[in-house]
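For reference, the structure is listed below as structure tokens.
The values are calculated or read from the model by the stated rules, or taken from the named source; none is laboratory data. The model shown is predicted, which means the values in this text are computed figures rather than measured ones. Here the Cβ positions follow ideal geometry from the backbone for every residue, glycine too, while neighbour counts run over all protein chains shown. With ligands, DNA and RNA removed, areas are computed over all heavy atoms of the protein, side chains included. Shrake-Rupley method; radii C 1.70, N 1.55, O 1.52, S 1.80 Å.
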Amino acid sequence: MDESGHLCERARFWASLRLDGELSELEGALLDAHLARCAGCRALADGFAASTTSLRSAPLERVAPVAVDLPRSPRRLLATVAVAAVLVLGVIAGGLVRGQVSHGSPAPRAVAVVASFETPDQIRTLRRASLLNTRQLPHDLPAEPV
């Protein structure tokens, strides 16, 4: 696509934005300058404006609501109750399993450290120390940072 093709493509996009009130002043000035010298884009912009005006001035049509009558079957009701019961049992079982796991081995709690530091190096040191304290190291590695 050549240079004028890109300019026309951009101008057509801006013409659409102008109709919605979303075009900046600079873009509007550039669009006006392009429309002054390009008859094809000017005709398209006029067509956009005419279509938009006719659509916005047309009266709204009321549409009657659509009612769909679904027969309720006993099988469907039974299936819904069965699914709800399985979900409730799953939630209860999950709560019991979680309770057993959390009582068997307590999980470490995260603790926020609040301090006032002046430099990024001091903040990095604090972060490095807090990360090393929470990380589980193998027994054959030294616990001190290298």
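Quick notes
- Any hit, region 95-113, residues being of a type in the set (Gly, Ala, Ser) and either within 21 Å of residue 15 (Cβ to Cβ) or at pLDDT 70 or above (or both): yes
- From 12, 56, residue being part of a helix (DSSP H, G or I) and either in contact with a Ser or Thr (Cβ under 9 Å, 6 or more places away or on another chain) or in contact (Cβ under 8 Å) with a residue 12 or more places away in the chain (or both): 12
- Qualifying residue in region 10-32 (condition: touching a His at 6+ places or on another chain (Cβ under 6 Å), hydrophobic (A, V, I, L, M, F, W, C) and at pLDDT 90 or above): yes
So that you can scan it fast, the table gives a plain yes or no per residue for (1) more than 19 Å from residue 5 (Cα to Cα); (2) assigned to a loop (DSSP other than H, G, I, E, B); (3) touching a Cys at 6+ places or on another chain (Cβ under 7 Å); (4) open to solvent by 50 Å² or more (accessible area, probe 1.4 Å):
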| position | (1), (2), (3), (4) |
| --- | --- |
| 22 | yes, yes, no, yes |
| 27 | no, no, no, yes |
| 44 | no, no, no, yes |
| 50 | yes, no, no, yes |
| 63 | yes, yes, no, yes |
| 76 | yes, no, no, yes |
